[in-house]
Amino acid sequence: MENQIRILSTKMLSQNQKELLLNANFAVEQADFITVVNKHFEIDRLNDFLIFTSQNAVESVLENNKREEIKTRKCFCVGEKTKALLEQNGFEVIQNSDYASELASVICTQYSKSSFTFFCGNLRRDMLPDSLKLARIVFDEIEVYETVLTPHKVEKHLNGVLFFSPSGVQSYLKENVFQDEVCFCIGETTAKALDGFTNKIVIANQPTIESTIMKSIEFFNKI
């Protein structure tokens, strides 16, 4: 079909996620533009609470030989899927926000006398740790995974690109330049990474892969 919308996902989608696009009669290209590598880490002591801002951090902690000890602490996290993964594996989540900025605000206003252990990746954003430092909140940062950029050259003409992280944007731009593609972003931080490269940016209603996909379908159905 000559006028078929062609979408690239910068992350391999599950079959259900891919079918949302196929059922909308889109042609789907997909590849992982970042690779996550879990790191071995030592933990000497745990603070009052734990912070997780991604599922990747949870996956890495679950591989650690002290995971049962780590589970004795209650968690703060970013994202519904991160919360679900923690709870499925026996962690107790007492605070969950859609964005790190919202979580930082809750910690700084309601838990400023508590201490935190923040499990993160090598490309973590500065916003949350900077907020905690500013509020003089005691926290340790432990790097538990590494995000490796895995660029791919895209040869086909695209109508839209789905982005799920700032590092995914960074990886895409190593091998590609934008023509007239519309960029669909999982959230504000990812959209910010596109500043100066394109102004064709649409942000998902919720910071989930499904919401990003649905936003692209909604956008092209209106044209």
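If you check GLU59, GLU19, which single one turns out to be surrounded by fewer than 17 Cβ atoms within 10 Å (Cβ to Cβ), among the charged types (D, E, K, R) and either at positive phi or outside the structural domain of GLU92 (by TED's automatic domain parsing) (or both)? Quick ask: steps written out before the conclusion?
Numbers: GLU59 fails: either at positive phi or outside the structural domain of GLU92 (by TED's automatic domain parsing) (or both).
That would be GLU19, the only listed residue that is surrounded by fewer than 17 Cβ atoms within 10 Å (Cβ to Cβ), among the charged types (D, E, K, R) and either at positive phi or outside the structural domain of GLU92 (by TED's automatic domain parsing) (or both).
Residues in the stretch 67-104 that are of a type in the set (Ser, Thr, Tyr) and part of a loop (DSSP other than H, G, I, E, B): THR72, TYR99. Can you say whether LYS39 is surrounded by fewer than 19 Cβ atoms within 10 Å (Cβ to Cβ), within 17 Å of GLY121 (Cα to Cα) and either basic (Lys, Arg) or not assigned by TED's automatic domain parsing to the domain that holds THR117 (or both), as far as the supplied structure shows? The answer is yes for LYS39. Looking only at the stretch 103-126, which residues are surrounded by 14 or more Cβ atoms within 10 Å (Cβ to Cβ) and closer than 21 Å to SER167 by Cβ? Answer for the stretch 103-126, where residues must be surrounded by 14 or more Cβ atoms within 10 Å (Cβ to Cβ) and closer than 21 Å to SER167 by Cβ: LEU103, ALA104, PHE118, PHE119, CYS120, GLY121, LEU123, ARG124, ARG125.
Limited to the stretch 105-135, what total is found for residues that are assigned to a helix (DSSP H, G or I), under 24 Å from THR72 (Cβ atoms) and of a type in the set (Gly, Ala, Ser)?
Applying the first criterion (assigned to a helix (DSSP H, G or I)) to the stretch 105-135 yields 105-110, 127-134.
From what's left, under 24 Å from THR72 (Cβ atoms): 106-107, 110, 128-129, 132.
Subsequent filtering for residues that are of a type in the set (Gly, Ala, Ser) retains none.
So the count comes out to 0.
For the stretch 43-88, filtered to residues that are closer than 24 Å to CYS108 by Cβ, at pLDDT below 95 and of a type in the set (D, E, K, R), the residue that is farthest from the chain's Cα centre (by Cα) is ARG45. Scanning the stretch 193-212 for residues being modelled with pLDDT under 95 and either basic (Lys, Arg) or assigned to a helix (DSSP H, G or I) (or both) gives a total of 0.
The values are calculated or read from the model by the stated rules, or taken from the named source; none is laboratory data. This structure is a prediction, so every number in the text was calculated from the model and none was measured. In this analysis, Cβ positions are derived from the backbone assuming ideal geometry, glycine residues included, and neighbour counts consider all displayed protein chains.
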